[in-house]
1. Looking only at the stretch 477-532, which residues are under 32 Å from the mean Cα position of the chain (by Cα) and basic (K, R)?
2. Checking S318 against (1) of a type outside the set (V, I, T); (2) in contact with a helix residue (DSSP H, G or I) (Cβ under 8 Å, 6 or more places away or on another chain); (3) more than 25 Å from F478 (Cα to Cα), which single condition isn't satisfied?
3. Filter the stretch 317-354 down to the residues that are touching a strand residue (DSSP E or B) at 6+ places or on another chain (Cβ under 8 Å) and part of a helix (DSSP H, G or I), then identify the one that is nearest to S454 (Cα to Cα).
4. Inspect all residues belonging to the stretch 327-345 and state whether any of them is basic (K, R) and either under 22 Å from P247 (Cβ atoms) or buried (at least 19 other Cβ atoms within 10 Å of the Cβ) (or both).
5. Let me spell it out: the conditions are (1) surrounded by fewer than 20 Cβ atoms within 10 Å (Cβ to Cβ); (2) in contact with a strand residue (DSSP E or B) (Cβ under 7 Å, 6 or more places away or on another chain); (3) under 18 Å from L212 (Cα atoms), and M96 meets all of them except one. Which number is the exception?
6. Out of T329, T301, which single residue is farther than 22 Å from N213 by Cα, of a type in the set (S, T, N, Q) and under 19 Å from the mean Cα position of the chain (by Cα)?
7. Quick one: which of N217, N241 is farther than 21 Å from N142 by Cβ, under 27 Å from the mean Cα position of the chain (by Cα) and either surrounded by fewer than 20 Cβ atoms within 10 Å (Cβ to Cβ) or aliphatic (A, V, I, L, M) (or both)?
8. Would you check which residues across the stretch 264-286 are within 12 Å of R306 (Cα to Cα) and either β-branched (V, I, T) or free of Cβ contacts under 8 Å to residues at least 40 places away in the same chain (or both) and list them?
Amino acid sequence: MLEDKNDDSSYNSNTIYVSVIFHKNFGDKKADESELSNGLIKSAKRTGQLNLSNRGLGSVPENVWKIDELVMEESKEVDFARSDLNNWWNAESLKMLDLSSNVVKTISPNVKLLQQLVTMKLHDNALTTLPAEFGELKNLSNLSLDHNKLSLLPKEFYKLTELRWLSLSHNQLERIEPDFGDLVMLNFLNMSHNKLVELPPGMGYLVRLVELNLSHNQLQELPPDIVNLRDLKKLNISNNNLRQLPPMGELRKMEILDANHNDIEELPDFYGCTALKEIYLANNYIKEITEEFCDQMQHLTVLNIRDNKVEVLPENVSLLQTLKRLDLTNNNLNKLPKNLGLLSQLQSINMEGNKLSMVRQDVIKGGTDRMMKFLRDRITEELVCDTKVTNNDWPDKYTLKKSQALMLPARDLTSVPEDVFVAAASAEVHIVDISRNKLLEIPNSVTLLRETLSQLILSSNSISNVPSQICCLSHLQFLDLGKNCLLDLPPEIGDLKNVRELVISNNKFTKIPRCVYELEKLEILLAAENQIDEINVSSDALTKLKKLAVLDLSNNSIFTVPPELGNFTHLRSLELMGNCFRQPRHAILAKGTASVLSYLRDRIPQTATN
């Protein structure tokens with residue numbers, strides 16, 4: 001056997017360690033007592049803290065409970081002239097006791113002697129019960145009991161009314177008493193990974209709770225008074241057997257709700273949950289995202305409702321204007337609302353595993369940018385095909401309010417009346433599309449939307465000048481100026497600090513305008529089909545755009561590609577086809593962005609060294 005493992009030294013040393021621990025844990029109480037050395041006692045009496053974690057203890061040394069009464073031998077001869085922190089008159093009462101990561105099975109009733117204890121760590125042990133005397137620790141504020149074998153808490157436990165932080169996860173608790181509501185000072189409570197089937201009504205008295213974790217139990221319903229937890233910010237009820245959730249409106253401070261892996265069939269009423277930012281409802285049986293939900297959740301940033309039965313998305317999904325992540329993977333959707341493309345802040349959208357007959361699989365699998373472009377293009381196409389209006393038929397306030405968008409593409413417009421923008425401003429419109437018209441200039445009245453506008457689409461017009469006033473649109477994230485007659489952009493464009501995507505393709509630019517380099521949040525820059533003759537990678541140009549992920553400079557007049565562009569490893573997509581340069585060759589360009597960047601990096605001149 002030794003020949004098989006003689007070159008695995010770690011195996012031999014670990015085997016010896018485990019055998020020692022095994023010997024100590026089972027029956028060697030004397031060895032346990034010896035772990036509490038004089039040095040540890042002195043340190044504890046000086047600092048008020050005692051750490052006995054991860055020492056293989058099968059029992060707690062008896063002197064731990066009596067540590068506040070112990071007098072060390074060298075302290076018996078009193079010499080007040082001597083400055084010694086170890087002297088008994090300088091001793092601190094024990095306030096922190098760490099017994100975690102041992103194999104302790106029982107706690108002595110003498111635990112009651114530690115009257116000044118504030119923090120006690122008992123996680124990762126083998127406790128099956130707690131003594132009644134535990135309830136006498138009147139100053140206990142922080143208690144961890146995770147990863148034990150507790151099936152019941154003694155009724156005296158509920159006398160720990162000073163508890164602020166309590167974790168009981170990974171035990172075998174089958175029930176808790178209504179007296180749990182007496183622990184009214186609790187801010188944090190973790191009871192995940194137990195066997196709880198129901199919660200007592202008294203939970204509603206824990207009004208100071210900020211975070212509550214009840215995941216991985218067997219709960220079938222939540223007590224109605226759980227909505228009394230007015231300070232609650234995080235609620236985790238995932239991996240239970242919940243069929244429905246109560247109206248959540250009273251939880252006005254709740255920011256995160258995790259209800260993944262339950263049996264929930266309908267979205268609850270969220271009216272009043274104005275702080276709610278993230279909702280996780282994956283692996284349930286929800287069939288519909290309702291119009292009421294979209295109306296109530298306009299501040300939502302994350303919605304994960306994958307692996308459900310969702311068949312319908314309402315048109316007013318466009319109200320979720322702050323949504324950044326939307327996961328609808330593995331549902332029963334067969335079509336998408338056209339207004340889904342109006343979610344201007346969406347950074348991640350997942351639609352795989354649905355039966356979307358109108359969306360090609362390459363679009364679904366092409367990532368968020370591809371999907372959003374498809375949805376935006378479809379909005380424009382449908383409006384062109386379905387809307388037969390004259391120049392005098394402008395959208396009314398109701399239509400503007402419902403869609404949150406002023407859509408006027410392909411109507412042969414040469415101007416847009418100011419009152420149209422006044423109506424759009426009162427409807428808090430987020431998107432303006434005046435593309436494919438005959439505009440010679442950008443309507444000045446668009447600045448009336450300075451408080452809400454996030455997308456401005458002006459492509460395919462005859463605009464030759466961008467007014468400096470446009471810089472007041474401080475919430476703008478997407479600006480499309482493609483297919484116009486622009487030679488330059490005003491410096492004030494650089495003040496649009498929230499712009500993430502800028503389209504200036506198909507214009508007459510000879511250089512990327514300097515103001516573009518001031519757009520510090522810019523992720524996508526499309527500048528194809530111009531007359532741009534250089535790529536400026538200096539420290540005050542492209543190098544400033546640290547978040548740039550997509551750069552399209554195809555079909556321009558670029559003579560050379562600077563090797564330093566290879567250091568722009570944050571680029572996911574770089575398009576350079578159709579320019580005048582000889583290097584890199586077409587074969588390299590055809591291999592994709594990673595290959596082009598690698599090729600360029602290899603050609604960066606090496607700094608001479610002595």
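We did not get these values from a lab; they are worked out from the coordinates using the rules stated. Note that the structure is a prediction, hence the values are computed from the model and not measured. Every residue, glycine as well, gets a Cβ built from its backbone with ideal geometry; the counts of neighbours run over all protein chains shown.
1. Hits for the stretch 477-532 are K497, R500, K521.
2. It is condition (3) that S318 fails.
3. L342
4. yes
5. Every listed condition holds for M96 apart from (3).
6. Just one listed residue meets the conditions, T329.
7. Details: N217 fails: either surrounded by fewer than 20 Cβ atoms within 10 Å (Cβ to Cβ) or aliphatic (A, V, I, L, M) (or both).
When all the criteria are applied, what remains is N241.
8. Within the stretch 264-286, I279, L281, N283, N284, Y285, I286 qualify.
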